[in-house]
Amino acid sequence: MTTIRDVAKQAGVSVSTVSHVLNGTRFVEPSTEARVRTAISALNYRPNSIARSLRRRSTSTIGLLVPDNSNPFFAEVARLIEDIGFEHGYNVILCNSDGLPAREAAYIDVLLSKQVDGLLTISAGNHPDFLDAVLKAGMPVVVVDRAADEWPVDQVLVDNETGGYVAARYLMGLGHQRIACIAGPRAATPSARRLVGFRRALDEAGIALPDVAVFGGDFHYNGGVLAVKALLDQYPGLTAVFATNDRMALGAISALQRAGLRVPADLSVIGFDNIPQSAAFFPALTTIAQPVEALARESLRLLIERINGSAAAPTRLNLETQLIERESCAAPAVALPARERP
Ligand code: RIB
């Protein structure tokens, strides 16, 4: 394997000159730099990144842990973090925990051994015990999307409760009163907080939300399909459904259509996330959009500040969501008189 000494010999310079050209740590005469770069490409020299990182105590690499990279929401967040990370000179190692805490812990071991400069994590559940190992190792870390309330770390979250509240108010504003909710996994804090906001809006308007009107889903398309079958059976007269993520909302629409029901003519459906597929679906999904660009950018900003030595107290951001009105919601087939609407 070609070494830095081979490059120095080929270019007729010292090893330290080659190092200064590679790391930009000192001015080198342009003609000398040109000879060094010619030798590097002629010998196909690749600096030893581990050795370089030991000298510079930086690998210019960030670890990103997500629960399900097949979910378009996480795929979009990961892509944005990768693009913005590159803008700041960082490579990103994407790890998919598949929602399994044991796999999360395994990946944390890998990232610690690779001495990544910092970690962005969207944990599988709301008890990210692996953070203990990360903090003990002194690795900069930012929690993204899924809160880790009791941990003294930076967190970039979304105001999920207000998002759920807005979804309920939107449906009630159309005249719906028999509304159901397809919730996500209990361990996922965002879904739990969306349901809290959703329930609060109904309570304020004096609208019931019986237990049979809340289905425990899994954030997957099929979770929406199973939910519709249960809700149509257990909650007759249902006119609208709030799914706490778009994948379940799209699954629900598909199941309703297969059951011979029209969306929104017979039943309205609203989601949460605003994944790219939602705008292309038929009918296009009305949803609560997550600020994915801001989520990625703010997470990286805080992490890079930590990597650069910031000792500020932990920051907790709560980014706003936005209602995106499309085609999947309408007034119920039998509308209440306007005076009775909340
Ligand atoms: O669709 C996946 C869900 O889990 C999103 O709503 C996101 O908030 C994540 O927590």
Toy charge model, Lys and Arg Cβ at +1, Asp and Glu Cβ at -1: the chain dipole around Cα centroid in debye, rounded to 20, equals 860
Most fluctuating of 197, 12, 237 in the GNM of the chain (C-alpha, under 10 Å) is 12
Exposure proxy check on 16, 58, 97, 31: fewest-to-most Cβ neighbours within 10 Å is 31, 16, 58, 97
With a ≥ b ≥ c from the Cα gyration tensor eigenvalues, square-rooted, and the rule rounded for a/c under 1.5, otherwise prolate when a/b > b/c and oblate otherwise, region 180-244 is oblate
Expected max-MSF residue from 327, 150, 29 in the GNM of the chain (alpha carbon, under 10 Å) is 29
For the residue 135, residue 70 Cβ pair and Förster radius 25 Å, calculated FRET efficiency rounded to 0.05 is 0.25
Quick P(r) readout (region 88-141; Cα-Cα; 10 Å bins; whole %) gives 24, 60, 16, 1
Site residue 42, offset 7 angstrom along Cα→Cβ, radius 14 Å on amide nitrogen, limited to region 1-22, gives 6-13
Out of 95, 251, 176 - ranked by how far each Cα lies towards the positive end of the dipole of the chain, with unit charges on the beta-carbon of charged residues - the top one is 95
Candidates 166, 212, 21; GNM for the chain (alpha-carbon contacts under 10 Å) flags as most fluctuating 21
Treating only Lys and Arg (+1) and Asp and Glu (-1) as charged, each at its beta carbon, one finds that region 159-227 has a dipole about its Cα centre, in Debye to the nearest 20, of 40
In terms of the charge dipole of the chain, which places +1 on Lys and Arg and -1 on Asp and Glu at the beta carbon, the residue among 319, 272, 72 farthest towards the positive end is 72
Pseudo-spin-label distance residue 32 to residue 294, built 7 Å along Cα→Cβ, given in nm, is 5.1
FRET efficiency for residue 324 and residue 257 from the Cβ-Cβ distance with R0 = 22 Å, rounded to 0.05, comes out at 0.55
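Shape verdict for region 147-257, please, from the Cα gyration tensor: rounded (a/c under 1.5), prolate (a/b greater than b/c) or oblate.
oblate
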Measuring from its Cα centre, region 282-329 shows a charge dipole (+1 at each Lys and Arg Cβ, -1 at each Asp and Glu Cβ) which, in debye to the nearest 20, is 240
Under the helix-only model (-39500 (n - 2.57) for each DSSP H run of 4 or more, divided by the residues of the chain), the mean residue ellipticity at 222 nm, to 500 deg cm²/dmol, is -13500 deg cm²/dmol
Gyration tensor on Cα atoms of the chain, a ≥ b ≥ c root eigenvalues, a/c under 1.5 rounded, else prolate if a/b beats b/c, else oblate, says prolate
Partner lysines whose C-alpha sits under 20 Å from that of residue 114, ignoring same-chain residues fewer than 8 away, are 136
For the pair residue 310 and residue 83, the simple spin-label estimate (label points 7 Å beyond Cα toward Cβ) gives in nm 2.3
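Since every read-out is calculated from the coordinates, none of them should be taken as a lab result. Model, not experiment: these values are computed from the prediction. Note: ideal-geometry Cβ built from the backbone for every residue, glycine included; neighbour counts use all protein chains shown.
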